[in-house]
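FYI, it's all coordinate maths here, none of it is from the lab. Keep in mind it's a predicted model, so treat the numbers as computed, not measured. Note that we place each Cβ from the backbone using ideal geometry, even for glycine, and neighbour counts take in every protein chain shown.
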Amino acid sequence: MLKVSDLSVHYGVIQAINKINFDVHEGEIVSLIGANGAGKSTILKAITGLHRSSQGEILFKNQAIQKATTKKIVEAGISLVPEGRHVFSGMTVLENLELGAYLRKDKAEIKKDLEHIYDRFPVLAERKKQDTATLSGGEQQMVAMGRAMMSRPKLLLLDEPSMGLAPIFIKEIFNIIEAINQQGTTVLLIEQNAKAALSIADRGYVLETGKVVLTGTGKELLASDEVQKAYLGG
Ligand code: ATP
């Protein structure tokens with residue numbers, strides 16, 4: 001579904017990503033893990049057209065998208081839940097969710113999807129008229145995920161969904177990611193929390209300073225000495 005080949009990304013003279021290769025097959029959860037500054041967020045920015053790559057190719061369903069606009073990329077079926085959530089405060093939960101459907105015109109289907117999201121996140125149904133600024137971090141993460149789902153993505157990109165969350169919320173968010181995947185959405189997950197991210201991943205890639213240094217199934221990576229030492233304190 002997604003194939004990234006020889007991708008390099010620069011910020012001015014700084015090379016954040018150095019000829020990276022990875023792919024995501026339809027139906028999978030793939031996790032990219034790595035320490036601060038490894039280049040995880042940069043990869044998602046390149047995929048979504050928020051920052052242009054300097055070299056390489058990004059194929060989504062066999063179409064090159066590395067030069068496409070973000071609008072076209074969303075229309076093609078990719079949706080990003082950014083790091084730090086970026087929910088719009090001053091707007092209600094419902095208004096935030098509706099924003100996720102702004103490219104859609106099928107009103108009846110939008111309504112159905114909204115109900116579906118309230119079923120998945122009952123706390124959002126309870127708070128639909130509440131300003132998102134007043135929600136907890138975990139609830140804001142749910143709004144951001146719900147908003148991304150409102151564009152009916154085929155590929156959902158998640159940038160550090162566990163960041164700043166209490167362990168109980170982390171568990172809940174990762175359960176929800178698995179459930180969303182089981183209902184047919186392919187997931188690319190970027191995480192510093194290697195244990196949580198690899199536990200639910202079909203496959204994973206370990207990034208260090210802009211390069212892939214290790215790849216395998218989620219299970220293999222969790223068990224590997226390198227990952228144990230560098231990310232799991234083992
Ligand atoms: P974190 O987990 O801390 O968010 P990350 O793995 O997502 O880290 P990136 O944010 O992708 O890492 O950053 C990769 C590299 O690019 C880092 O060295 C960072 O300092 C640099 N970088 C990121 N954004 C910019 C920018 N706007 N201008 C210059 N350098 C940047």
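Brief remarks follow.
- Cross-link table 67/129; 40/72; 40/112; 3/112; 71/171; 112/219, entries beyond 28 Å C-alpha to C-alpha: 67/129; 40/112; 3/112; 71/171; 112/219
- Distance between the pseudo-spin-label points of residue 106 and residue 195 (7 Å out from Cα toward the beta carbon): 4.1 nm.
- Segment 130-186 gives an Rg/Rh value of 0.96, both radii derived from C-alpha positions and Rh following Kirkwood.
- Fraction of beta bridges assigned by DSSP in segment 75-204 that are antiparallel (%, nearest 5): 10 percent
- The listed peptides 148-157, 223-232, ordered by packing as a protection proxy, come out as 148-157, 223-232 (highest mean of other Cβ atoms within 10 Å first).
- Helical segments meeting 30 Å axial Cα length and Kyte-Doolittle 1.0 threshold in the chain (DSSP H): none
- Taking Cβ atoms as reference points and 14 Å as the exclusive limit, the residues near residue 31 contribute a net charge of -4, counting Lys and Arg as +1 and Asp and Glu as -1.
- The order of the peptides 1-7, 119-125 by mean Cβ neighbours within 10 Å, most packed first, is 1-7, 119-125.
- Cβ-defined net charge surrounding residue 161, 10 Å radius [Lys, Arg +1; Asp, Glu -1]: -3
- Each principal axis of the Cα cloud of segment 155-234 was taken in turn, and the coordinate range along them, longest first, works out to 32, 26, 22 Å.
- Placed amide H near residue 86: partners under 5 Å, 5+ positions off or other chain: none
- The chain, Cα convex hull volume normalised per residue, Å³: 119 Å³
- Of all DSSP bridge pairs formed entirely within the chain, close to 55 percent run antiparallel.
- For segment 70-149, the alpha-carbon radius of gyration amounts to 1.04 times the rule-of-thumb value 2.2 N^0.38 Å expected for a compact globular protein.
- Placing +1 on each Lys and Arg Cβ and -1 on each Asp and Glu Cβ, with no other charges, gives segment 2-231 a dipole about its Cα centre of roughly 600 debye.
- Residues in segment 198-213 that a label on residue 35 would reach, taking backbone N under 20 Å of a point 7 Å out along Cα→Cβ: 198, 205-213
- For residue 54, the residues whose amide H sits under 5 Å from its own are 8, 9, 10, ignoring neighbours fewer than 5 places away on the same chain, with H placed 1.01 Å from N.
- Charge context of residue 68, other residues only, Cβ under 13 angstrom, K/R +1, D/E -1: +3
- Farthest toward the positive end of the dipole of the chain, out of 20, 89, 63, is the Cα of 63, where the dipole comes from beta carbon charges about the Cα centre.
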